[in-house]
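Written out below as structure tokens is the structure these notes cover.
What follows is calculated from the coordinates using simple rules that are stated; it is not laboratory data. Every value quoted in this text rests on a predicted model; they were computed, and no experiment measured them. Reconstructed Cβ throughout: ideal geometry from the backbone, glycine too, with neighbour counts over all protein chains shown.
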Amino acid sequence: MFQWISALFIAFFLIFPKTAEAETVVRVSGYTFPPFVNIEDSSGITADFIELLNQQQNQFRFVFQKTSPNRRYREIIEKNADLILFEMPEWGWEEYSNHVNVSKIYFIGGEVYIAKVKDGRDQKFFSTIGNKSIAGVFGYHYGFAGFSKDQKWLEKNFTLSLSHNPENIIRLIAKGRIEVGVITQSYLTEYLIKNPKHASEILISDRKDQSYEMRAIISNHSPINTKQFNALIDKIFSSGALLNFVKQRGLEAHLP
């Protein structure tokens with residue numbers, strides 16, 4: 001009887017090769033940040049990038065979870081999330097430096113100013129920003145404001161309208177309700193590809209509000225550490241997978 005059972009086990013493993021060990025889940029937080037995260041359906045560059053990371057290895061399984069701009073810090077500190085993609089250390093992470101590490105840079109870009117096209121209006125219009133009405137996205141950090149997230153200070157020092165959707169910024173500008181909008185270059189690129197008729201209505205600044213050198217913010221308790229994540233980034237760089245990824249979105253200029 002024992003020999004029969006042993007033979008059965010041997011036959012099983014011959015027919016069914018040893019499967020890979022269970023993948024370790026890595027929880028990736030994301031907040032409203034088009035085109036990186038569209039929070040309504042969890043789509044965007046971040047979701048597609050997570051799929052790419054999962055395709056390139058089988059040790060970790062990256063999964064997306066929703067958060068908000070302000071709650072993202074607490075989720076990392078309280079161990080309810082492991083990392084955030086397409087982030088910058090300057091966006092409020094300095095005070096949490098004992099809790100997180102940062103990956104190497106894998107995406108670049110920035111935010112530009114936009115205004116409604118008018119006769120006589122040119123790049124000189126963007127030479128001063130603080131004295132104009134400005135539209136931005138709630139919870140974001142802006143260069144013109146020294147990257148401050150102090151809502152009371154911002155309201156005191158600027159005429160600032162905050163939205164949860166960058167498309168609303170473009171609408172406010174197009175209708176002439178706000179003088180200057182601050183918007184992510186990659187979002188504006190995708191928007192104008194989909195809505196080419198609006199290109200002639202919007203004046204885009206040559207000057208950036210800020211430049212992006214985007215990394216992953218990785219918590220100290222994350223299952224994947226910074227060295228492992230950087231090695232994965234190196235792999236998708238060298239294989240050409242990352243180049244193909246950005247080419248599909250017309251964002252080749254955003255590779256470092």
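List of remarks:
- Length available on full extension from ASP150 to SER43: 0.36 nm per residue minus the Cα-Cα distance, which gives 35.6 nm.
- Angle between the chain longest axis and helix 2-15 axis [Cα atoms, degrees, rounded to 10]: 40 degrees
- Folded to 0 to 90 degrees: helix 45-55 orientation relative to the chain principal axis, Cα: 20 degrees
- For a modelled paramagnetic label at ARG171, 7 Å from Cα along Cα-to-Cβ, the residues of the stretch 177-207 in reach, with backbone nitrogen under 14 Å, are 177-178.
- For the set LYS118/LYS175; LYS116/LYS194; LYS149/LYS208; LYS124/LYS156, the pairs lying more than 23 angstrom apart at their alpha carbons are LYS124/LYS156.
- Relative contact order [Cα under 8 Å, 6+ residues apart], the stretch 110-211, whole percent: 51 percent
- Cα long-axis angle, helix 185-194 against the chain (0 to 90 degrees, to the nearest 10): 90 degrees
- A Förster distance of 45 Å, applied to the separation of the beta-carbon atoms of HIS221 and SER200, puts the FRET efficiency at 0.35.
- Student exercise, the chain dipole from Lys, Arg, Asp, Glu Cβ charges, in Debye to nearest 20: 380 debye
- Per-residue [θ]222 nm for the chain (sum of -39500 (n - 2.57) over DSSP H runs n ≥ 4, rounded to 500): -9000 deg cm²/dmol
- Taking the DSSP bridge list for the chain and keeping only pairs wholly inside it, about 55 percent are antiparallel.
- Selection of GluC sites (Glu not before Pro), the stretch 60-104, meeting DSSP coil and at most 16 other Cβ within 10 Å: GLU78, GLU90
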